[in-house]
Each structure stands twice: as structure tokens, then as C-alpha cells.
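Worksheet: the structure to be examined is printed underneath.
The values are calculated or read from the model by the stated rules, or taken from the named source; none is laboratory data. The model shown is predicted, which means the values in this text are computed figures rather than measured ones. Counting neighbours? That spans all protein chains shown, and the Cβs are built from the backbone with ideal geometry, glycine included. Heavy atoms of the whole protein, side chains included, go into the accessibility calculation; ligands, DNA and RNA do not. Shrake-Rupley method; radii C 1.70, N 1.55, O 1.52, S 1.80 Å.
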Amino acid sequence: MKTSSALALSLALALALAAGCGGGQRSAFSHQFRDNDRETLAAVLERLPAPASHEQPQNALHRPLAIATTNDEPRRVVAMDPSNGETLWAHEIDAQTRPEILGDLVLTSDRTQLVALDLSTGAQRWTARMGDLAYVGASRDGNTVFWAATVGALGGARRVGHLVALDARSGSELWRHEVQGVFGRPASSGGMVLVPWERQNIAVLDETTGRELARLRSTDDVIAWIFDDPTGIYYGHRGIYRLTQQSVSGTRTGSTHIDTPFGDLPRDPDIYDDGFLPKPGTRSARGRIRVYFSPAPTGDPNVVAIAGDTYYFVYYRYVFAYGLDGAMRWARIVEQDIIGAQALDEGLFTVGEQGQMHVLDRASGLDRWSGGSSMELAAVDLDVAGFAGGAATGEAQPLRQALTAVALDPDNRLVPARAYAVEALAAMPETCSISMRSARCPARSARPSAHRSARAAPAPSTSSRRSAVATTSSRTRRHRRSRSSCRRCSRCTRRRPCRSSCSR
């Protein structure tokens, strides 16, 4: 009896010690794995390559490329050379997700499987079954492709995530993890894959074995995305974190982190694509309302630097540029809805839905280059690092004039962005001195909040423009009331959208 009791006690002690001290040896994605451990994170950082600059495209051809899905029938994936508008190849496929350039491959998915195309020819190399999960993205390190699919990212009773490692040349499966939880698009570098998990964790796995090496857990923020870049590994949600030894804190203030400086934007877009949601390969509003930035190399590993010191906000045909202090630099209307862009040192490379391409100068918004092809496009992935396009041409438009043009634009799809332009005009001191009492004049740069009620902001030149801007503001207020519950209307007796019969 005493012997069996002693054995039971020894077993209990062994289990307790394993739970407390053996975190690094547990299976991947175990809830008992030790997180925010300084030693394991240091080992991960040692394996990462030294930071490099964005001197040329990262694809295997080392040339600027735009890989897009078409909006015509039959639907295709096409590869284009932006420098001359040449179509390099086209592959007929009903792509449901935005193409991804990964080395010498292009990855997309149809309704049932992941499809890998040869970057040089467009020929199909291999496929991988996804089952009934939603493909959210892939990454590549060397000859290994890592892809993730999930269900339940937006809620629901079922929450499942799959992470799969494949041989990039043959598509043969190397290992797989399946969990009761949601995965986001992975990043990979230094023989490791970094996987956002449950919007709170980043699991770091060995690419050869799939064994978990380290884990980060955010204690006061959401982790919605992660990506690998020549300058380092970045992750975040509304702000931008750089993976450094400070990340072990698991906190915003203790990590290498910067907040975005420009405040609320129309439709409240994330600073980067949400890694837990599929990237549409068809035309969608989500693909046309985006914030773009690119990390820049820096001598200090504990700093997040932004290429050109500029952020860009795209809302369909409108582009707004901001400095690191959040002040709006310029605004621009382009001919076509923008389906994709890439931030460069010199400016923003954009692709329109009819194939029109621009490089917009970061300082002025003027064209440094324009080109493209005449093709109905739906979604695009770009790899155009180093594409400068020459010097900016033309005369820069004053910010007030550019914002007035946005506010007066008759495109009724874009009312929230037009209201945003109105608020930016109202926030400019010169506008206030003309149209408002000095006591109500906000002496600050153009940094509006999209959630405040739009204010009429007359242009400085003519009475017709003043009337038009006021009309835009009035329509915006009616539009917002129509989308909110009718709490103040005297004639409504129930909570329902406001109608024209309401008194307010």
C-alpha cells in the first residue's frame, strides 16, 4: 500500500514538473507551451537573416511584376511587366483569392483547392486540397511553402485551423498541424515559420520538423497579421510591431512598436491586410479601401522605420498621403478604382481596375510614371521594389484645392471619403478664417476623424463651390442618419433606420 502511494506521489510530482518546466518540449500549439520566454525568443532572433534593403523585387525572376486576376469571362490569372505593359502569360482559372508571388511560384485558390502556377510560364505546377476551410494565405522560405486555412475567424460555433508545409517544387506534404482555433497567414524566414494564432499569439515553428520553438503572446493588443520583409519581421493590428528581443514583454509599451499617426479613417481600415480573412480574388470593397506602407532599413534594430516617411490611404479612386506626424501631405483623384498598390521609397505604385498604373510621388502626389495595359482586372499582387519611374512631372496641386476636388466629386459610392475631405478642409486654419467664427476655428493640421459629424467647409474661391461643399456635408449627415438607429426622431416609435418622415 505504501509502495503504490509513493509511486502515485512520484508520478504527480513528475507531471507537475513537466507542466512547469518542460514548455519547450510540448507539442506545437499546446496551451501549456511557455510563452514570452526570453531565451527561446533570443534563439529565434539569432536564426533570422541580417536586415537588407528593398533594392530589387524578391521574386525568382528579379524583375518588376504584377500578377492579377481578371474580371472578364473566362476568368484568368495574368502576369504583367509594369515597365512596358506586356502580358507575360495567362492561365484560365476561377481564382477566388488574390494571387501571391512566392519565389518562382504564384499561389491562388479556386473553390476547393490551392493552385500553384509557374512564375515564368503560368503552367500549373501542383495543387493541394483545402477541404471546406477558407484559404487565408501562404509564405515561403527556401524550398518550403507554408499555407494556412481556417474557419471561424468571424465567429461561429466551429473554429478550425490548418497549417501545412509543402515542398515548393513538387507540392508534396511535409507536415501538417490541425487545431481547434483560427490561424492567420504565416510569415517565414531563417528556417522558421511564424504563425498568428487566435488573434493573440505568434507560434514560431521549425520549418523542417514543425516543432514549436517559441511563442509570443500579446497581453494588451490584438495580433491580426504578420509578414516577413527584407528588413525584418513585422506584426500587429492598428499599430506596427517589429520582432525584437523587446517583443518578449508581450505589451505595447514594452515592445518595439509605433502607432499609426493619422487617426480614424473612413470605413476604419486596418494598417495591413487582416491575416485571418481570405484576400478576395474578385472585385470587392475590401480590396479598394486600404492603408499602404513599407518598412525601411534602419541601423537600430529596435526601431520601426517607414519607407519615405509616408503612409498612404486608398479609397477607391482617392489617394491621401500622410507624414510620420500624421499631417496630410496631399490628396489625389485617379482615373480608375485602385485594386492594389505597393509603397516604395519614392512613392506609391498603383494599379487600376482597367489596368492603368501610376507611380505617385511621395512628396507631391504627381506622376513619376504612368503606364499599364487595357485589361479588366479584379485583384493584384505586386512585386515592384526599386521601380522609381523617373522624376515627378507637372505642377503640384495645393492641398486645399485637392481636398475640394474630392469633396465635390459626384461619385456617390464614395460619400464617406468625400465627407473626410470636407472635415480636412474644415480643419485647415485658412478655411476656418473664411467660413467660421474664429472662436470655433481649430488651429491644427489636416487630421480629421471620420466618426465626427461632417462640417460644411467652403472652398476659398467662389460661392458655387461653397454651396457644393455644404451640399456634400448635408448629404453626408443624411446618409449617416439613415445608417444609425432613430433615437432622436420625434415621429418614430421604434428603433429603426430614419426615414424622410422623421423630424430630425
re the stretch 198-291: pairs of Cα atoms spaced beyond 21 Å account for a percent value of 39 percent
Percent of alpha carbon pairs in the stretch 253-301 separated by more than 17 Å?
52 percent
Can you give me the % of accessible surface on the stretch 258-352 that is carbon or sulfur? Probe 1.4 Å, all protein chains present, nothing else counted.
47 percent
Computed over the stretch 198-333, protein heavy atoms only, probe 1.4 angstrom, the accessible area per residue in square angstrom equals 33 Å²
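Keeping every protein chain present and rolling a 1.4 Å probe, give me the accessible area per residue for the stretch 123-171 in Å². Show your work: numbers first, answer last.
Numbers: 1910 Å² over 49 residues.
Value for the stretch 123-171: 39 Å² per residue.
Count neighbours as other Cβ atoms within 10 Å of each site's Cβ, and list the GluC sites (Glu not before Pro) in the stretch 39-99 that are DSSP loop with at most 10 such neighbours.
Details: sites: Glu39, Glu46, Glu55, Glu86, Glu92; in loops: Glu55.
Here the sparse-neighbourhood loop sites are Glu55.
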Taking placed amide H atoms and a strict 5 Å upper bound, the residues 5 or more places from Arg267 or on another chain that come that close are none
To the nearest 20 debye, what charge dipole does the stretch 318-398 have about its Cα centre, counting +1 at the Cβ of each Lys and Arg and -1 at the Cβ of each Asp and Glu?
220 debye
